[in-house]
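Report on one structure; see the data block that follows.
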Amino acid sequence: MSTLEIKDLHVSIETDQGTKDILKGVSLTINSGEIHAIMGPNGSGKSTLASTIAGHPRYDVTKGEILLDGEDVLEMGADERAQAGLFLAMQYPVEVPGVTMTNFLRTAKTAIEGEAPKLRTWTKEVKDAMEKLRIDADFANRNVNEGFSGGEKKRVEILQLELFKPKFAILDETDSGLDIDALRVVSEGVNRAHEDNGMGTLLITHYTRILNYIKPSFVHVFVDGKVAEQGGPELADELEANGYDRFLTPAAAAV
Amino acid sequence: MTEQIAKAEEVLRNTNDPGVIQKVLDDNPELKGLGTYEYGWSDSDTAGATAKRGIDTSVVEDISNKKSEPEWMLKLRKKGLKYFERKPQPTWGADLSEIDFDNIKYFVRSTEKQAQTWEDLPEDIRNTYERLGIPEAERERLVSGVAAQYESEVVYHQIREDLEEQGVIFMDTDTALKEHPEFFEEYFGSVIPVGDNKFAALNTAVWSGGSFVYVPKGVHVEIPLQAYFRINTENMGQFERTLIIADEGSYVHYIEGCTAPIYNTDSLHSAVVEIIVRKNARVRYTTIQNWSTNVYNLVTKRAIVDEGGTMEWIDGNIGSKVTMKYPAVYLTGEHAKGETLSVAFAGAGQHQDTGSKMVHMAPNTSSSIVSKSVARSGGRASYRGLVQINPEAKGSANSVVCDALLVDTISKTDTYPYIDIREDDVTLGHEATVSKVSEDQLFYLMSRGLAEDEAMAMIVRGFIEPIARELPMEYALELNRLIELQMEGSVG
Ligand SMILES: Nc1ncnc2c1ncn2[C@@H]1O[C@H](COP(=O)(O)OP(=O)(O)OP(=O)(O)O)[C@@H](O)[C@H]1O
Ligand SMILES: [Mg+2]
């Protein structure tokens with residue numbers, strides 16, 4: 001049983017126009033096995049939260065804490081967070097030219113576990129996971145994310161999630177860009193990680209459709225760098241029906 | 001400073017014991033940069049200690065005498081010396097103003113006679129080659145012939161018997177001059193004339209060692225021939241001279257590697273490599289240059305290619321203080337092909353000024369240059385290339401791709417692509433990119449558990465993969481390992 005705690009998190013970034021505050025006091029606690037959905041308007045800071053948890057150097061934490069089983073996550077580099085069991089499925093996965101998926105997956109697994117996986121079982125594990133996610137075997141020899149379609153990149157993020165077996169995963173709009181079948185196989189992958197490893201999940205999405213497959217117990221409405229409201233799955237349906245209007249300050253609504 | 005060097009040597013002597021290294025490095029953090037060059041040990045050095053410094057006619061005569069050369073070679077050497085003295089330093093390229101020609105030792109004889117077995121070598125020298133993994137490669141039959149040059153001369157040499165039976169000649173150039181003078185009278189200096197440039201002239205004056213390769217008509221040497229160059233003494237000048245002749249329809253792959261100890265003061269390596277590719281023959285010449293960062297590496301390499309022949313240069317420059325090297329191909333026969341794949345790493349204090357030169361002198365010739373460079377820690381990587389298409393070279397095609405990767409913001413890269421086209425009916429392509437390792441790329445890999453330097457090394461390896469792919473597997477692995485060493489401590 002593990003816990004990921006986010007306490008009163010304030011985050012800003014340096015831009016050409018000066019410092020910009022993006023997160024303005026986010027608090028959230030996720031336990032093993034729990035699924036939390038975050039929904040919120042464009043630009044409200046959802047990806048910022050995700051990247052900050054994963055340790056992107058662009059984001060400055062000006063206040064607050066992130067704790068993994070009581071350990072200070074903000075003290076750790078991005079690599080150490082991954083080794084500690086955090087995983088971010090990115091909204092925009094990055095291309096790494098000249099590095100094959102096979103090489104990348106094995107290197108990353110080795111880095112996360114601290115030792116190289118046994119080659120034979122590993123190869124099979126990768127092959128099986130790819131089959132389940134309906135990723136063509138050719139992808140093993142392709143360069144990381146290079147020339148992948150939007151949906152293919154997302155599937156490959158979930159492939160990593162299944163292989164690296166994190167304690168907590170943050171899925172940043174993994175459902176965007178997936179076709180109907182892909183949405184189902186990807187959701188099945190996430191659900192497997194839940195059942196098999198008791199993974200806790202923070203699922204960022206704009207659409208309720210994925211919530212038919214991955215059932216959250218908590219829904220958070222994210223507005224202007226803060227959690228504006230929390231509730232159960234019914235909150236998602238309400239958002240789907242009415243939008244974010246009632247959460248927006250008049251000023252923000254006018255934008 | 002000498003104390004520092006002594007400590008550095010201690011580190012290097014103990015390179016097999018990570019515990020010892022870590023302790024020494026912890027005690028002496030300033031040594032960390034030194035420790036990352038793995039080949040920086042030196043052997044005891046009686047031959048080098050007594051060698052004369054500086055160059056004049058007597059040095060040239062002495063070399064020629066020691067080798068009991070024919071009169072014409074001595075004459076040519078003297079001509080080389082004249083050109084060397086007369087020609088100014090190049091005013092372009094890297095800064096060469098600090099080379100002290102009077103302080104260089106131009107000839108160092110480390111053993112009296114060439115060995116046919118590794119056991120016959122002096123222990124010091126043998127150990128050095130063992131540590132470099134050369135005898136092992138030979139035992140494992142990864143190479144079909146080996147020549148090992150230590151200081152000025154080839155100290156060990158071997159070629160597989162079946163190749164010898166097919167008439168393949170692979171020996172050091174000094175011996176070849178004695179045993180096969182006919183080739184030398186015809187070809188020596190025919191591709192790179194004595195006065196071609198200041199450093200080719202210097203090489204002609206004081207050359208010693210290097211390889212001679214002759215592959216008879218139609219013979220394919222399937223497994224590479226390997227040459228290994230080692231400088232041991234401080235302020236050494238190594239001037240090997242290589243001549244490769246691939247007769248009609250033949251094939252050979254020649255690979256060279258080079259390393260040297262780390263010293264405070266500079267050494268000079270100035271080779272000349274001449275290659276003759278006859279009709280429909282193919283030569284591939286691979287270099288993994290990993291001199292220590294006190295070596296000036298100023299090398300002239302050129303091939304002439306007859307009808308239907310192919311010359312491929314694969315040129316990896318990782319070490320040295322300064323490298324200026326632009327392997328050239330003169331396409332003299334119709335449908336001749338030239339290809340250069342060049343990869344350069346410039347770390348702290350290094351300037352890699354590299355590229356290639358393609359000269360189209362016959363119709364329907366084609367050439368391509370792919371250059372990839374990586375600069376980090378304030379190093380500078382320059383691409384310099386020339387594509388020349390002569391009036392009669394109708395239907396010729398050339399493409400140049402040069403990509404530079406900057407690992408940080410203090411390093412530099414620049415490109416000097418020269419084009420001289422005197423024929424209309426040609427196809428040309430040129431692409432150049434400069435990229436930086438992006439924060440997002442690093443973050444992506446680090447969020448998958450890779451430490452920053454591992455992530456950096458992975459990005460760099462990916463960047464040069466199109467070239468590593470062309471190397472035999474052991475060399476690709478070696479190149480990757482060298483990159484990892486280079487990238488260690490490159491961040492943070
Ligand atoms: N480098 C940057 N420079 C300027 N503004 C930035 C930068 N990075 C993020 N922002 C701003 O921070 C805010 C939050 O961005 P973020 O990507 O976290 O939003 P999001 O909630 O994930 O939106 P979406 O639903 O569109 O993915 C946005 O207004 C965005 O423009
Ligand atoms: Mg987002």
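Considering only the stretch A:149-181, how many residues are closer than 27 Å to B:R469 by Cα, more than 12 Å from chain B (Cβ to nearest Cβ) and touching a Pro at 6+ places or on another chain (Cβ under 8 Å)? Result for the stretch A:149-181: 0.
The criterion of at least 2 residues that are among the charged types (D, E, K, R) and within 14 Å of another protein chain (Cβ to nearest Cβ) is met by the following helices (runs of 4 or more DSSP H) wholly inside the stretch B:408-492: B:439-446, B:452-468. All told, B:D196 falls short of being assigned by TED's automatic domain parsing to the domain that holds B:T287 and free of Cβ contacts under 8 Å to residues at least 24 places away in the same chain. Exactly one residue out of B:N280, B:N264 is open to solvent by 10 Å² or more (accessible area, probe 1.4 Å), free of Cβ contacts under 8 Å to residues at least 60 places away in the same chain and of a type outside the set (D, E): that is B:N280. Scanning for something aliphatic (A, V, I, L, M) and either touching a Lys or Arg at 6+ places or on another chain (Cβ under 7 Å) or within 16 Å of ligand 2 (Cβ to nearest atom) (or both), does the stretch A:53-63 turn up at least one residue? For the stretch A:53-63, residues aliphatic (A, V, I, L, M) and either touching a Lys or Arg at 6+ places or on another chain (Cβ under 7 Å) or within 16 Å of ligand 2 (Cβ to nearest atom) (or both): present.
Among residues of the stretch A:1-36 being part of a loop (DSSP other than H, G, I, E, B) and not acidic (D, E), the one that is farthest from ligand 1 (Cβ to nearest atom) is A:M1.
Evaluated against (1) crowded, with 17+ Cβ neighbours inside 10 Å; (2) within 16 Å of ligand 1 (Cβ to nearest atom), A:P57 falls short on exactly one condition, (1).
Considering A:M90, A:M39, the condition of being within 13 Å of ligand 1 (Cβ to nearest atom) and more than 10 Å from chain B (Cβ to nearest Cβ) is satisfied by A:M39 alone. Which of the residues that make up the stretch A:28-53 are of a type in the set (A, V, I, L, M), open to solvent by less than 10 Å² (accessible area, probe 1.4 Å) and more than 14 Å from A:E5 (Cβ to Cβ)? Listed by number, the residues that qualify are A:A37, A:I38, A:M39, A:A50.
Residues in the stretch B:252-265 that are closer than 22 Å to B:A148 by Cα and not aliphatic (A, V, I, L, M): B:H253, B:Y254, B:E256, B:G257, B:C258, B:T259, B:P261, B:Y263.
Considering only the stretch A:148-169, I want to know if a residue exists there that is within 16 Å of ligand 1 (Cβ to nearest atom) and open to solvent by 20 Å² or more (accessible area, probe 1.4 Å).
If we filter the stretch A:148-169 for residues that are within 16 Å of ligand 1 (Cβ to nearest atom), which is where we start, we get A:150, A:153-154, A:157.
Imposing the further condition that a residue be open to solvent by 20 Å² or more (accessible area, probe 1.4 Å) reduces the set to A:150, A:153.
Scanning the stretch A:148-169, I find at least one residue that is within 16 Å of ligand 1 (Cβ to nearest atom) and open to solvent by 20 Å² or more (accessible area, probe 1.4 Å), so the answer is yes.
Do we have A:A108 as within 14 Å of chain B (Cβ to nearest Cβ) and under 27 Å from A:S176 (Cβ atoms) here? Considered against the rule, which asks whether it is within 14 Å of chain B (Cβ to nearest Cβ) and under 27 Å from A:S176 (Cβ atoms), A:A108 comes out as yes.
So for the stretch A:182-202 (the condition being away from chain B (no Cβ under 14 Å), within 16 Å of ligand 1 (Cβ to nearest atom) and either crowded, with 19+ Cβ neighbours inside 10 Å or in contact (Cβ under 8 Å) with a residue 24 or more places away in the chain (or both)), does at least one residue qualify? Looking through the stretch A:182-202, at least one residue is away from chain B (no Cβ under 14 Å), within 16 Å of ligand 1 (Cβ to nearest atom) and either crowded, with 19+ Cβ neighbours inside 10 Å or in contact (Cβ under 8 Å) with a residue 24 or more places away in the chain (or both).
If you scan the stretch A:98-122, which residues turn out to be open to solvent by less than 80 Å² (accessible area, probe 1.4 Å) and part of a helix (DSSP H, G or I)?
A:M101, A:T102, A:N103, A:F104, A:L105, A:T107, A:A108, A:K109, A:T110, A:A111, A:I112, A:W122
With respect to (1) modelled with pLDDT of 95 or more; (2) within 24 Å of the chain's Cα centre (by Cα), the lone exception for B:E69 is condition (2).
Within the stretch A:10-27, if we keep just the residues that are within 16 Å of ligand 2 (Cβ to nearest atom) and open to solvent by less than 10 Å² (accessible area, probe 1.4 Å), the residue that is farthest from the other protein chains (Cβ to nearest Cβ) turns out to be A:V26.
A single member of B:V191, B:V155 is in the same structural domain as B:K78 (by TED's automatic domain parsing) and in contact with a helix residue (DSSP H, G or I) (Cβ under 7 Å, 6 or more places away or on another chain), and it is B:V155. Answer with yes or no whether A:L211 is over 14 Å from A:N42 (Cα atoms), over 16 Å from the mean Cα position of the chain (by Cα) and touching a residue at least 12 places away in the same chain (Cβ under 8 Å). Criteria not met by A:L211. Reported count of residues in the stretch A:2-39, each being touching a residue at least 40 places away in the same chain (Cβ under 8 Å) and either on the phi > 0 side of the Ramachandran plot or basic (K, R) (or both), is 5. Inside the stretch B:161-200, residues that are under 18 Å from B:K357 (Cβ atoms) and among the aliphatic types (A, V, I, L, M) make up a count of 3. Which one of the conditions (1) open to solvent by 10 Å² or more (accessible area, probe 1.4 Å); (2) modelled with pLDDT of 95 or more; (3) part of a helix (DSSP H, G or I) does B:G80 fail to meet, given that it meets all the rest? Tallying (1) open to solvent by 10 Å² or more (accessible area, probe 1.4 Å); (2) modelled with pLDDT of 95 or more; (3) part of a helix (DSSP H, G or I), B:G80 fails exactly one: (1).
The values are calculated or read from the model by the stated rules, or taken from the named source; none is laboratory data. None of these values were measured; they are calculated from a predicted model. Counting neighbours? That spans all protein chains shown, and the Cβs are built from the backbone with ideal geometry, glycine included. Heavy atoms of the whole protein, side chains included, go into the accessibility calculation; ligands, DNA and RNA do not. Shrake-Rupley method; radii C 1.70, N 1.55, O 1.52, S 1.80 Å.
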